[in-house]
1. With surrounded by 16 or more Cβ atoms within 10 Å (Cβ to Cβ) and either outside the structural domain of B:K81 (by TED's automatic domain parsing) or in contact (Cβ under 8 Å) with a residue 60 or more places away in the chain (or both) as the only criterion, which of B:I326, B:I317 stands out?
2. Can you tell me which residues in the stretch A:272-305 are within 14 Å of chain B (Cβ to nearest Cβ), open to solvent by less than 40 Å² (accessible area, probe 1.4 Å) and of a type outside the set (S, T, Y)?
3. So, in the stretch B:16-53, of the ones that are surrounded by fewer than 12 Cβ atoms within 10 Å (Cβ to Cβ) and within 25 Å of B:N302 (Cα to Cα), which residue ends up nearest to DNA strand C (Cβ to nearest atom)?
4. Just give me the residues in the stretch B:26-48 being more than 33 Å from the chain's Cα centre (by Cα) and in contact (Cβ under 8 Å) with a residue 40 or more places away in the chain, in sequence order.
5. Among the numbered conditions (1) open to solvent by 40 Å² or more (accessible area, probe 1.4 Å); (2) away from DNA strand D (no atom under 12 Å from the Cβ); (3) in contact with a helix residue (DSSP H, G or I) (Cβ under 8 Å, 6 or more places away or on another chain); (4) in a helix (DSSP H, G or I), tell me where B:D68 comes up short.
6. Which is basic (K, R) and either more than 14 Å from chain B (Cβ to nearest Cβ) or within 16 Å of DNA strand D (Cβ to nearest atom) (or both), of A:K111, A:K47?
7. Open to solvent by 60 Å² or more (accessible area, probe 1.4 Å) and in contact (Cβ under 8 Å) with a residue 40 or more places away in the chain, is that true of A:K308?
Number of protein chains: 2
Amino acid sequence: MNIADIAKIAGVAKSTVSRYLNGGSIGEATRKKIESVIKETGYSPNKFAQSLKAKRTNMIGTIVPRLDSYATSQTLIGIDKQLLDMNFQLVISNTSQSLDREIEYIYSLAKQKVDGIILMATEITDSHLEAFEAVKIPIMLVGQQHDQYHSLIHDDFEASYELGKNVLKKGHRKIAYLGVSEKDIAVGIKRKEGFRKAVSEQPGCEVAFFETSFKIEDAIKKVPEIIEEYHPSLIFCATDNIALGALKAANMRGLSVPRDLSITGFGGYDITKITYPGITTAKFHYKEAGKISAKNMVQLINGEQLSKITLSTYKIIERESVDKLID
Amino acid sequence: MNIADIAKIAGVAKSTVSRYLNGGSIGEATRKKIESVIKETGYSPNKFAQSLKAKRTNMIGTIVPRLDSYATSQTLIGIDKQLLDMNFQLVISNTSQSLDREIEYIYSLAKQKVDGIILMATEITDSHLEAFEAVKIPIMLVGQQHDQYHSLIHDDFEASYELGKNVLKKGHRKIAYLGVSEKDIAVGIKRKEGFRKAVSEQPGCEVAFFETSFKIEDAIKKVPEIIEEYHPSLIFCATDNIALGALKAANMRGLSVPRDLSITGFGGYDITKITYPGITTAKFHYKEAGKISAKNMVQLINGEQLSKITLSTYKIIERESVDKLID
DNA sequence: CTGAAAGCGCTTACAG
DNA sequence: CTGAAAGCGCTTACAG
């Protein structure tokens, strides 16, 4: 059943059916005839033939570093929902944390003629820029920013600054900051800087900086060293996963959180309210951010104006993992 | 840059280039010529034109009930990885737990000409069967089974039976089983039945059955009632999420796990080893299951033989959430 | 408002 | 082994 069949049955030309399908001007009588034929036959146009001519696929590619992370899932859910509403389809490409595959996927999505690419970025290298340049389709960065491209970022600096002030206000003065590599601008640098600003405004504060990976296991191993070396009253973790590791490590040493050690996370993963104690954290609105980035992407595709940077909001969530040392 | 350009530059016919691309028989000299031209020009064939003729897209659709679940993510990662190796592309459709949308996606993926559909099923209704029938492409069920269709299932019954025996051996005799709706055959019925078999083999055992949803929050609310009503020594939870809720609820009541209350989970989510105490659970190998289902799907597409049911393995993981009452 | 024709970029018998 | 031609199912000027 193709457009020719429908045309024949309806007694019109193929081009007329095509016009009907694409919202061209049609006489009332023919419109009704075609409409009923399509309904009866259950006809639906072949996407490949459409795309072959029209050069527009109504598909958006999203490249993610991993599928098994709260931030990724939530963002994807938001993108997917928004795209569905706007009549676009989401194509997900998972790189399993390989930067090389990230580059490959930029090219292969372009080859697949997606109308745009949303990249949940961790790092923007020269190869990325080269690929962006080469594919000539709209690119939207999520989670990291770059002067040349449109991006949606979380307010890592402000969130960290505010969370930092929050724990200082509770009286913590000897704090271990447990962060990640500075290759990651957003998580590695911005969060650290926001925290640093908070402590710089608080006299009599002592801080030590440590580094670990994004893996919970590595945090579990790292935290005991920090405790022994530095004896902080609070560990300020750059991600919720790191905080989860810190909590586990503390529990395993028989330390009671927050009485013996306070912990904060970052991200606002659902699991932070399920642990015991619940973890104080800066919550990002990933699902919402996904929706916005999808909206932005479609604006880009339609050639509309869009500011280079969109800032997503955050919220500090106080739970039980931080002890109040003073009042 | 299309196949005609390549043909012209190489001084051969389009059909010859096409044959080169698709592994037909080609003279050594022409092969080299075409090869070098393609390399120089960076040509790559238009997917839509290919699919329009060839009727094969090398795409597999996977329908998932949600994106934010450990089981889903892991399974998808496995499917994706395996498909990549076999030169297929994965298209993910997320239904956000809507059965209606599940049906819709079966049709729309078929319209998109995916070569097969992997359905991470929760429930198989008549509409599903109707859709399977209508689309006429290979269907592979994951997580649930149906006589008429190929499926990959986890060994819910045996896993539950073995986990049940395990906790009975530790001396638990008054147990609350906290399950989910029987609409879900695998999780709602099979796990319950496996557990039931274990207790039926243990004289002097008292058991009460309760039901909740898949949501952690609901378990948190439900568990206190169970404790007050029934005072079990152990709560046998049908999923890890439910166990997580039970653990939180117990902690919130000031109960120490496992001293005051033992808890078991089901699924083997990573988070169960991060909680304190770690949760005893039956671990399913989701990633592996994803790989296998992808392999099976490709076999189906190639018209190869495949048994209706493939059983994925499990492993009982003992951690600290279960107290040893006797030795 | 409607139709005939060309063309999008491939693949696939068919002939040689 | 290679080529000319038809066709996959649409869309899009162009005419009327």
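1. Unique residue meeting the criteria: B:I317.
2. A:I274, A:P277, A:G278, A:I279, A:G290, A:A294
3. This residue is B:K53.
4. Answer for the stretch B:26-48, where residues must be more than 33 Å from the chain's Cα centre (by Cα) and in contact (Cβ under 8 Å) with a residue 40 or more places away in the chain: B:T41, B:G42, B:Y43, B:P45.
5. If we test B:D68 against (1) open to solvent by 40 Å² or more (accessible area, probe 1.4 Å); (2) away from DNA strand D (no atom under 12 Å from the Cβ); (3) in contact with a helix residue (DSSP H, G or I) (Cβ under 8 Å, 6 or more places away or on another chain); (4) in a helix (DSSP H, G or I), just (4) comes out false.
6. A:K47
7. yes
Yes/no per residue for (1) touching a Pro at 6+ places or on another chain (Cβ under 8 Å); (2) surrounded by fewer than 22 Cβ atoms within 10 Å (Cβ to Cβ); (3) assigned by TED's automatic domain parsing to the domain that holds A:T75:
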| position | (1), (2), (3) |
| --- | --- |
| A:A131 | no, yes, yes |
| A:A134 | no, yes, yes |
| A:I139 | no, no, yes |
| A:G143 | no, no, yes |
| A:Q148 | no, yes, yes |
| A:G164 | no, no, no |
| A:L168 | no, yes, no |
| A:R173 | no, yes, no |
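The values are calculated or read from the model by the stated rules, or taken from the named source; none is laboratory data. Here the structure is a predicted model, which is why all the values come from computation and not from measurement. Ideal geometry is used to build each Cβ from the backbone, glycine not excepted, and the neighbour counts take in all protein chains shown. Each accessible area value is taken on the protein alone, full model and side chains, heavy atoms only, with ligands, DNA and RNA left out. Shrake-Rupley method; radii C 1.70, N 1.55, O 1.52, S 1.80 Å.
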